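Every read-out reported here was derived from the displayed coordinates using simple, explicitly stated rules and does not represent laboratory data. Given the structure is predicted, the values throughout are model-derived calculations rather than measurements. Positions of Cβ are generated from backbone atoms using ideal geometry, with glycine treated the same way; all protein chains shown enter the neighbour counts.
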Amino acid sequence: GAGVSQSPSNKVTEKGKDVELRCDPISGHTALYWYRQRLGQGLEFLIYFQGNSAPDKSGLPSDRFSAERTGESVSTLTIQRTQQEDSAVYLCASSLARADTQYFGPGTRLTVL
Amino acid sequence: RKEVEQDPGPFNVPEGATVAFNCTYSNSASQSFFWYRQDCRKEPKLLMSVYSSGNEDGRFTAQLNRASQYISLLIRDSKLSDSATYLCAVNGNTDKLIFGTGTRLQVFP
């Protein structure tokens, strides 16, 4: 079946612009995660959605970052007023339930000039 | 103390060598454990789950030591294609999976 998909695959933007990143999880997966990975660094947890529960936003680095998820489907991560330090790969993952195996999308490479 | 910790490496080993990585975790109630592999500029991919009794998949063996709160990954007969970063993942205090920062392996001819 189809895996996790993300769009766009690459995004170049100017400092101060807003960007929106999209994630389509595997069908039927109730849990969805967003991570940030800077070059040569580990995964930085951003936000976690589990079914209809309130999302765990504990990893969002500032109020410029927000995310939404429609039911158990598509999620969008929005970064407002982008800064150069936001440049990274943004990875989305989904899993059947909370602590199950996560399957990752290919990521969106964001470059802020 | 971080919830999940790994030695970042790099581990540089010759082809054919056996190499082992450990990953320590802080939550004694953790129940889910995984090893992922991440190639350069790619997304992480599941390598194997880690079961209480230990498990093996070809040249790869994963083990869990609950008493000392760590999981291990053993790679036998290393191949050039094993060069990658190996990430461990453990369910943490809030039950979501927490990833280690990864251990880099470089296998040389």
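Contact order, relative form, for chain A: 38 percent (alpha carbon pairs under 8 Å, 6 or more residues apart, mean separation divided by residue count). Shown in residue order for the stretch A:6-16 are the 3J(HN,Hα) couplings computed by the Karplus curve 6.51 cos²θ - 1.76 cosθ + 1.60 at θ = phi - 60°: 9, 8, x, 6, 9, 9, 10, 9, 8, 3, x Hz (x for Gly and Pro). Distances between placed amide hydrogens fall under 5 Å for residue A:87 paired with A:112, all partners being 5 or more residues away or on another chain.
Hey, with R₀ at 25 Å, roughly what FRET efficiency would residue A:113 and residue B:22 work out to, going by the Cβ-Cβ distance, to 0.05? If you can, show how the numbers build up before the last one.
Details: r = 41 Å, r/R0 = 1.62.
After rounding, the FRET efficiency stands at 0.05.
For chain A, DSSP calls about 90 percent of its internal beta bridges antiparallel.
When chain B is treated as a Gaussian network with alpha carbon springs shorter than 10 Å, the biggest mean-square fluctuation among B:96, B:79, B:42 belongs to B:42. Per-residue 3J(HN,Hα) values for the stretch B:80-85, derived from phi via the Karplus relation 6.51 cos²θ - 1.76 cosθ + 1.60 with θ = phi - 60°, read 4, 6, 7, 4, 4, 9 Hz in sequence order (x marks Gly and Pro). The GNM of chain B, with springs linking C-alpha atoms under 10 angstrom apart, assigns the highest mean-square fluctuation among B:58, B:92, B:16 to B:58. With no solvent and one point on each alpha carbon, what is the Debye value of log10 I(q)/I(0) for the protein assembly as shown at q = 0.08, 0.10, 0.14, 0.17 Å⁻¹? One equal scatterer on each Cα of the protein assembly as shown leads to -0.29, -0.46, -0.88, -1.21.
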